Amino acid sequence: MDLAGVDLNLLVVFDALMAERHVTRAGERIGLSQPAVSAALNRLRHLLKDELFIRRADGMQPTRKAQELAAPLRQALMQIQTALEPQIFDPAIAKRTFKLATNDFAASILLPSLGAKLSVEAPGVDLRLIYADDALGMKLLDEDAIDLAIAPFENPSSHFERQHLFDPAGFLCVMRKGHPLAGKPLTLETFAAASHLMISRTGDATSFVDEILAEVGLKRRVAFTVPSFLLAPIMLAQSDHISVLPRRLVEMFQQMVDLVAYEPPFPQRKFPLGMLWHQRLSKDPGLIWLRTLLVTVAQEIEAPKPSKRTRKG
């Protein structure tokens, strides 16, 4: 194909349609009218000899050829944009929106301090947060749907770059103050025999805790799974369930709900949190600034004061 005869604006339209899957919204995204987007799509279809997008009740469904073209064309457009834009990012005057993916644990720990810093250092910068686990976070990065993902990321693909943020400092076993087990020695047997509440985005009722129990021939009953860490204190305060939760989050919960926390009757396991980004974004000056700011926030919370209501099992 002779690139001299290709209107690069058509590729911008294609990229917007891949992102929005809707002609009108794609036009709004790039400042074009619905007829202009439709006309550009027709030109693209003729140029590439493919339908590219099939109209359906739930939006525009990309064809296989469109899906194959999406990632390389998106990367090419980003490289062109980076080449043309000044390589300077001044947070004090910048107007930009960053998209982050993480779970509500990391969000609860990082975002309050991050938001406070942004309001002072970068008042024109906006954040959009998507809840995601490791797998979804990497998928969104590949699709260029987000700028950064924050999670443990034990084995990321080689085309991602990772930077450590902080260690969640282990886990605590949490229950309401009047729980039948409160004030009693928490052995592995009494722990396993209790009714458990577990945080699970997918509803899967197994975790590293069950692996530890299985090693000594024990099994627990998970009575409830909830998709959000922030639901845990509400559920625990009004039930006889117990839960194993990140220590740093428990310290926050204890300021809001009357819960007691115990060291778990099993060895701690660590899941250090890091941020992940695609290599194609490594030199983006705005993202370099945001990553540096996140590291600063993480360093400030790395050694919080210990909870006064944490007890030995």
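Tell me, what are the semi-axes, in whole angstrom and largest first, of the equivalent ellipsoid of segment 186-301 as set by the roots of 5 times the Cα gyration tensor eigenvalues? Equivalent ellipsoid semi-axes, largest first: 33, 18, 14 Å. Near residue 124, once Lys and Arg are set to +1 and Asp and Glu to -1 for all other residues with Cβ below 9 Å from its Cβ, the sum equals +1. With a Förster radius of 51 Å applied to the C-beta separation of residue 10 and residue 302, the computed FRET efficiency comes to 0.55. Taking Lys and Arg as +1 and Asp and Glu as -1, the other residues whose beta-carbon sits under 11 Å from that of residue 45 total +1.
Length, then width, then depth: along the principal axes, the Cα atoms of segment 152-192 run 50, 19, 12 Å. Around the Cα centre of the chain, unit charges on the Cβ atoms of Lys, Arg, Asp and Glu (plus for the first two, minus for the last two) sum to a dipole of about 680 debye.
Annotation for residue 258 and residue 238: the two label points, set 7 Å from Cα along the Cα-Cβ direction, are 1.6 nm apart.
Antiparallel beta bridges, as assigned by DSSP with both residues in the chain, represent about 55 percent of the total such bridges. When each of the peptides 198-208, 94-104 is scored by the mean number of other C-beta atoms lying within 10 Å of its residues, the order from highest to lowest reads 94-104, 198-208.
Distance between the 7 Å Cα→Cβ label points at residue 83 and residue 200: 5.0 nm. Distance from the C-alpha centroid of segment 139-206 to that of segment 240-273: 10 Å, rounded to the whole angstrom.
Partner aspartates and glutamates whose Cα lies under 17 Å from the Cα of residue 184, excluding those fewer than 8 positions away in the same chain, are identified as 240, 263.
Would you mind counting up the charge near residue 104? Only other residues with Cβ under 14 Å from its Cβ, with Lys and Arg at +1 and Asp and Glu at -1. Result for the local shell: +1.
Per-atom-type breakdown for the chain gives carbon and sulfur 55% of the accessible area (1.4 Å probe, protein chains only). Relative to the current alpha-carbon distance between residue 219 and residue 162, full extension at 0.36 nm per residue lengthens the span by 17.0 nm. When you filter the trypsin sites (Lys or Arg not before Pro) in segment 216-297 for DSSP loop state and at most 15 other Cβ atoms inside 10 Å of their Cβ, you are left with 219, 269, 270, 283. Calculated accessible area for the chain comes out at 53 Å² per residue, all protein chains present (probe 1.4 Å; ligands, DNA, RNA ignored). Per-residue ellipticity at 222 nm, computed for the chain from helices alone with -39500 (n - 2.57) per DSSP H run of at least four residues, works out to -12500 deg cm²/dmol.
Taking trypsin sites (Lys or Arg not before Pro) across segment 106-186, the ones in a DSSP loop with at most 13 further Cβ atoms lying within 10 angstrom of their Cβ are 177. Relative to its residue count, the chain spans a Cα convex hull of 169 Å³ per residue.
The values are calculated or read from the model by the stated rules, or taken from the named source; none is laboratory data. This structure is a prediction, so every number in the text was calculated from the model and none was measured. All Cβ positions, glycine included, derive from the backbone under ideal geometry; neighbour counts span all protein chains shown. Surface accessibility is based on the protein's heavy atoms, side chains included, excluding ligands, DNA and RNA. Shrake-Rupley method; radii C 1.70, N 1.55, O 1.52, S 1.80 Å.
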